[in-house]
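Encoded as structure tokens, the structure appears first; notes follow it.
Each value in this text was obtained by applying a stated rule to the coordinates, not by laboratory testing. Computed from a predicted model, the values in this text were never measured in an experiment. Cβ placement follows ideal geometry from the backbone for every residue including glycine, while neighbour counts extend to all protein chains displayed.
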Amino acid sequence: MQRILDFLLPFAGKRIALLAHQRPDGDALGSAVGLADILSHNGYTAHVVNPLPFPAYLSFIDPGGRVQMRPESDWHARYDCVGVLDCGEAGRLDEVNRAAVNQLPAFTIDHHASSEGLGAARWICPTASSTGEMVVRLADAAGWRMPPGAAQALWVAIVTDTGRFCYENATAACLDAARRCVEQGAKPSDAAARLYQCVSVAERRLQALVLSRMELLEGGRLSVSWLRREDFKKARSGIQDTQNLISLIRDTEGVEAAVFLYEPMSAEARDEVKVSCRTSSPHNCLELVGRFGGGGHERAAGCTISGSIESARGVVVPAAVQAFFRESGIAARQQ
């Protein structure tokens, strides 16, 4: 933490760009918006920069207009330094944002166990529930004021990465950071209404497809489902609606591990399949996705595999059985 504070000290009064990973979730965007708002109220000028629009369901956490869409390759010329939030690998950043990290002094704040970090100053804390929790701790250590908008964004970061405080990472430190957010103006009921009570019709269509395809393997301990590219078109939906789909197949009685696969929409990723994994203790997602160059957390991680949905399933499902249920000594079977 002190390395980040020492790094930022010479940039007081200067312009700081904060970056989140591709397809940012609540923690990535919430921690970035929260830190941008805090810095901007404490002697800095900070924005969250991305070449593409952020997910619509998270737009409510930026009423102050901290997020700027900058697709141009030289946008970093307007800034003095750059910070990377909730991401420790250049490959998880959009291409123009990777260029910014290479051109400007950079720092990283991240809580992923697989994170290496980017830039000269790196604070990586795998025991933290979320990057949002780390930003709250950073602000407290620096004595920075936390305005209500930042508190709301950081509440979203914490509540989404802890599964509404249902996961193992909802520690005392996490709950203390959440309490600090409420003290500074976060409104949990407003966030819950926007995050969990405004599911779009398009996402509901995808949910129905995911549930209809759900396979239960290993006696119901492993659940698997998938979406094809054409499914998004039929549902009039997009990749942004996949954020919570794996929870549907994970939160099923008897399921200890869940694997969700889907084909990206972008033309440059037409030969790729995205894989998400969620597990309950003692299973470690990294034992599966690490075999395919992925990363994340022990209970939530992902990777990208080349090929079709069929070929990816043919590789990932047996690997999941071996990684999580090797002690059973039996092949995967449909319940």
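Would you mind giving the average projected area, over all directions, of the Cα convex hull of region 2-196 in nm² with one decimal? Provide the component values of the computation, followed by the final result.
On the way: hull surface 37.9 nm².
Averaging across all directions leaves 9.5 nm² for the Cα convex hull.
Can you compute the FRET efficiency between Lys234 and Leu9 using 1/(1 + (r/R0)^6), with r the Cβ-Cβ distance and R0 = 51 Å? Round to the nearest 0.05.
Numbers: r = 53 Å, r/R0 = 1.04.
That pair, Lys234 with Leu9, gives E of 0.45.
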query: Here are some values of mean projected area of the Cα convex hull in nm²: [x] 24.5; [y] 17.5; [z] 16.0. Which one was computed from this structure?
result: [z]
task: For the chain, calculate the relative contact order in percent as a whole number, restricting contacts to Cα pairs under 8 Å that are 6 or more residues apart.
output: 13
message: Every cysteine in the chain with no other Cys Cβ under 4.7 Å from its Cβ, please list them in numeric order.
response: Cys81, Cys87, Cys125, Cys166, Cys174, Cys181, Cys198, Cys303
- prompt: Using modelled backbone amide H atoms (1.01 Å from N, in-plane), which distant-in-sequence or interchain residues come within less than 5 Å of Leu227's amide H?
  reply: Leu261, Tyr262, Glu263
- request: In nm, give the distance between the simple-model label positions of Glu183 and Phe165, each being 7 Å from the Cα along the Cα-to-Cβ direction.
  value: 1.5
query: In whole Å, what are the Cα extents of region 4-55 along the three principal axes, biggest one first?
result: 32, 18, 17
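Cut-off is 10 Å between beta-carbons; in what order do Ser31, Ser280, Ser189 appear when sorted fewest neighbours first? Intermediate results must be reported in sequence, preceding the final value.
Values: Ser31 33, Ser280 14, Ser189 7.
Lowest count first: Ser189, Ser280, Ser31.
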task: Return the inverse of the average 1/r over all pairs of distinct C-alpha atoms in region 201-328, which is the Kirkwood hydrodynamic radius, in Å to one decimal.
output: 14.5
- line: Taking only C-alpha positions in region 120-184, Rg and Dmax in angstrom work out to 11.2, 35
- line: Footprinting proxy, Thr108, Thr162, Thr304, Thr131: sorted fewest to most Cβ within 10 Å, the residues are Thr304, Thr162, Thr108, Thr131
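Fewest first, what order do Lys187, Lys274 take by the number of other Cβ atoms within 10 Å? Don't skip to the answer; put the middle values down first.
Details: Lys187 14, Lys274 20.
So the residues, fewest neighbours to most, are Lys187, Lys274.
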- prompt: Between Trp155, Trp144, Ser114, whose Cα lies farthest towards the positive end of the dipole of region 102-227 when Lys and Arg beta carbons carry +1 and Asp and Glu beta carbons carry -1, centred on the Cα centre?
  reply: Trp155
